[in-house]
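What follows is calculated from the coordinates using simple rules that are stated; it is not laboratory data. What you see is a predicted model, and the numbers here were worked out from it, not measured in a lab. When we count neighbours, we look across all protein chains shown, and the Cβ atoms used for this are built from the backbone with ideal geometry, even at glycine.
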Amino acid sequence: MVLMQPVLLYLATAILTPAIPDGESLDLRQAYFREARWYFAALFLGILDSLAKSVLLTGRFQNRSDLVGHAAFICLCIAGFMSRSDLVHKTVASLSLLVYAAYIALLFASLPG
């Protein structure tokens, strides 16, 4: 369980990184939308693994803030998985950055010490 999260994150990035044939051009938008569902599915599984890892290692979820962060990431993954809209995917990317930064800030603010 502990190693599954980095494996899924690696898988997500490998899915999203297209193979570019030598000397040929590639439509990055088309390549992104071709793989977007697999990408968001791998991220979603990584988030579920993170929750399960906490329960398996400590017997409980971390805290309310951690659950709210995980819920926000789950919602963003679902939106990215379900939609084919450019606007939705640009919004998901922007919100993901903001949520991730806030999640890290709250995580470090709650550390003892």
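For region 18-25, take each phi angle, set θ = phi - 60°, evaluate the Karplus expression 6.51 cos²θ - 1.76 cosθ + 1.60, and give the result in whole Hz per residue in order, putting x for glycine and proline.
Result, ordered by residue: x, 7, 9, x, 4, x, 10, 8 Hz.
Take the Cβ-Cβ distance between Leu28 and Lys53 as r, set R0 to 25 Å, and report the resulting FRET efficiency rounded to the nearest 0.05.
0.15
By counting other Cβ atoms within 10 Å of each Cβ, how are Leu16, Leu43 ranked from fewest to most? Mind dumping the intermediate values first?
Working: Leu16 16, Leu43 24.
Going from sparsest to densest Cβ surroundings: Leu16, Leu43.
How do Arg34, Arg84 line up, fewest other C-beta atoms within 10 Å first?
So the ranking, lowest neighbour count to highest, is Arg84, Arg34.
Relative to the Cα centre, what is the charge dipole magnitude of the chain, using +1 at the beta carbon of each Lys and Arg, -1 at the beta carbon of each Asp and Glu, and rounding to the nearest 20 debye?
400 debye
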